[in-house]
1. Among the residues of segment 44-73, write down those that are closer than 19 Å to I120 by Cα, open to solvent by 50 Å² or more (accessible area, probe 1.4 Å) and touching an Asp or Glu at 6+ places or on another chain (Cβ under 6 Å).
2. In segment 74-89, which residue that is loosely packed, with under 13 Cβ neighbours inside 10 Å and within 17 Å of the chain's Cα centre (by Cα) is farthest from S56 (Cα to Cα)?
3. Just the residues that are aromatic (F, W, Y) and farther than 19 Å from C112 by Cβ, please, taken from segment 77-99.
4. Return yes or no: is G76 modelled with pLDDT under 95, among the small types (G, A, S) and not in a strand (DSSP E or B)?
5. What pairs come out if I take residues in segment 66-78 that are closer than 16 Å to G45 by Cβ and pair them with residues that are among the charged types (D, E, K, R) whose C-beta lies under 9 Å away, six or more apart or interchain?
6. Quickly run through segment 90-110 and pick out the residues that are within 11 Å of the chain's Cα centre (by Cα) and either over 21 Å from T59 (Cβ atoms) or open to solvent by 40 Å² or more (accessible area, probe 1.4 Å) (or both).
Amino acid sequence: MAEPGGTAVRKRFIVLGLAAAVSAFFGAAVMARPVGEVRFSIQNGGSSDLSAFSLSRPTSEAWGMDRLGGAAIAPGGSTVIVLQPSLGGCLYDMKASFTSGGDARLFAVDVCRLNGAEIILTD
């Protein structure tokens, strides 16, 4: 004679366990959000030339390379920034430096949500 609810209960726990494992896997995949190319514009809304634009991971101590490649952006001008976020995530810190000596900093920006957007930076 079978235990009351024995087989049915075991099957239910197996199904629930599999559902939890699949949910955890897909949840982690969504958080990492591997994406292809991300493009967004930066516009110089300041009163002096934008001389450098750098990105770094929020956990990094140093800023990354100058994404403008040494070219300045005059007030009112803009350029497109192209990134390929890795599996490390979509969060980046941003630093824009102006010839006036001022800078603009944005922290923990989700660049994956910026695709096609424009950021206006001021000194």
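1. A72
2. V80
3. F98
4. no
5. Hits for this filter: A72/D49; I73/D49; A74/D49; P75/D49; G77/D49; S78/E118.
6. L91, F107, A108
The values are calculated or read from the model by the stated rules, or taken from the named source; none is laboratory data. Computed from a predicted model, the values in this text were never measured in an experiment. Here the Cβ is made from the backbone with ideal geometry for all residues, glycine too, and neighbour counts use every protein chain on show. These area figures cover heavy atoms from the full protein model, side chains too; ligands, DNA and RNA do not enter into them. Shrake-Rupley method; radii C 1.70, N 1.55, O 1.52, S 1.80 Å.
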